[in-house]
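In what follows, a structure is listed as structure tokens, so that the remarks can point back to it.
Taken together, the values in this text are just the output of simple stated rules run on the coordinates, not laboratory data. All values derive from a computational prediction rather than experimental measurement. Here the Cβ positions follow ideal geometry from the backbone for every residue, glycine too, while neighbour counts run over all protein chains shown.
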Amino acid sequence: MQVESFKVFRDLVESQSFSKAAQLNSITQSAVSQQVRAIEERFHVPLIERSSKRFALTREGDLFYQTSRQIVTHYETLQHQFNEMRNIISGTIRLATVYSIGLHELPPYLKRFLIEFPQVNVHVEYRRSNQVYDEVQAGTCDLGLVAFPSQKKNLKTEPFKKDRLVAICAPHHPLAQTTEVKVADLGPHKFIAFESDIPTRRAIDKMFREAGVDPKPVMEFDNIETVKRAVEIDAGIAIVPRATIEQEAKAGSLVPIEFEGRQFYRPLGIIYKSGRVLSPALKRFLKTLQEPLTSADHSVKPAKS
């Protein structure tokens, strides 16, 4: 048997999806099924419970999965060690991120990394927060960037940075001439919110509860860009990370308002699968994300995107 067969089975079990296992190994879904049947025929044991409606392994299948993980880990470790000995930093990094981080926080780090390591291809996908966790857990993405990171089984979380939250309004809104505002003072105004399952929305709801107000959102959206557009047309006010509205603030289409007496922050985190062997490229990218930026990082252009 070849190492690729063990990797296909490992990816199938961890993603619990024939289509995702096929995508991860650049083969067809039918090829995944054929490889599983070939393994079963070789060892004369069933690996998957075909009578179950949900994906489930037999006892033999679980044993083969544990062995597959060990074999693939040893192989990838050896491969990465050879690359490190030869100082080869190349390959593809698959990154899943929520819109606000990917559009406003990630670019300067990505620019710096691609200039230093032009042989690496960073593939960025924009997802909702819960989807980022799912993609990383399933192995279809190597890294995830999320707000208010939470501990999940089989995932490792590291801090990225934190955003300061501010209120925003349109230039002609009554609050536009205000430099600071209390959270409680936002209660009477029409409010534009994120959808209820988004972590930033839950944090903002907590801010309002602690201030003793209960605003009723007039609109709810799943991404920062749509929230900003609604505020720009004066459909209401919103609370967003300061870093996401720098361009609009400079252009004068949105007015940021700081909170009086207390600052609120949105922590950002990096997630990746625990126990997985990190390639040299992935190790360097993680290091880049955790290094402080310079003014040059905001002005240089990447070699590729």
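When the Debye formula is applied to the Cα atoms of segment 162-266, each taken as the same point scatterer, what base-10 log of I(q)/I(0) results at q = 0.18, 0.20 Å⁻¹?
So the normalised log intensities work out to -0.79, -1.01.
To the nearest Å, what is the center-to-center distance of segment 160-176 and segment 200-246, using C-alpha atoms only?
9 Å
With Rg and the Kirkwood Rh both taken from Cα atoms, where does Rg over Rh land for segment 83-184? Intermediate values should be presented prior to the final figure.
Numbers: Rg = 18.3 Å, Rh = 16.4 Å.
Ratio of gyration radius to Kirkwood radius: 1.11.
Using alpha carbons only, how many degrees (0 to 90, rounded to 10) separate the axis of helix 199-211 from the longest principal axis of the chain?
With rounding to tens, the tilt is 40 degrees.
Near residue 50, within a Cβ-to-Cβ distance under 12 Å, what is the net charge of the other residues, with Lys and Arg +1 and Asp and Glu -1? It would help to have the intermediate numbers written out before the result.
Details: positive: 37, 53, 54; negative: 40, 49.
Overall, the nearby charge balance is +1.
Counting C-alpha atoms alone, how compact is segment 1-88: give Rg to one decimal and Dmax as a whole number, in angstrom.
14.1, 49
Rounded to the nearest 5, what % of DSSP beta bridges with both residues in segment 162-266 are antiparallel?
55 percent
Any chance you could give the angle, 0 to 90 degrees and rounded to 10, that helix 129-138 forms with the longest Cα principal axis of the chain?
Approximately 10 degrees, to the nearest ten.
Pick from 134, 142, 185 the residue whose mean-square fluctuation is largest in a GNM of the chain, springs joining Cα atoms under 10 Å.
185
Using a/c under 1.5 as the rounded threshold, could you call segment 54-102 rounded, prolate or oblate? The axes a ≥ b ≥ c are square roots of the C-alpha gyration tensor eigenvalues, and prolate needs a/b larger than b/c, oblate otherwise.
Because a/c hits 1.5 or more and a/b fails to exceed b/c, segment 54-102 counts as oblate.
Could you go through segment 37-43 in sequence order and give the Karplus-derived ³J(HN,Hα) for each residue, using 6.51 cos²θ - 1.76 cosθ + 1.60 with θ = phi - 60°, rounded to whole Hz, and x for Gly and Pro?
My calculation for segment 37-43 gives 4, 5, 5, 4, 5, 5, 9 Hz in order.
Provide, as a two-decimal number, the C-alpha radius of gyration of segment 221-295 over 2.2 N^0.38 Å, N being how many residues it has.
Numbers: Rg = 17.5 Å, N = 75, 2.2 N^0.38 = 11.3 Å.
Rounded to two decimals, the normalised Rg is 1.54.
Specify the angular offset, from 0 to 90 degrees and rounded to the nearest 10, of the alpha carbon long axis of helix 280-289 from the longest principal axis of the alpha carbons in the chain.
10 degrees
Return the ratio Rg/(2.2 N^0.38 Å) for the chain, where Rg is computed over Cα atoms only.
1.21
Check each of the trypsin sites (Lys or Arg not before Pro) in segment 70-130 and keep only those in coil by DSSP with at most 12 other C-beta atoms within 10 angstrom; list them in order.
Qualifying residues, ordered by number: 86.
Of the trypsin sites (Lys or Arg not before Pro) in segment 143-185, which ones lie in a loop per DSSP and count no more than 11 other C-beta atoms within 10 Å?
The qualifying sites are 153.
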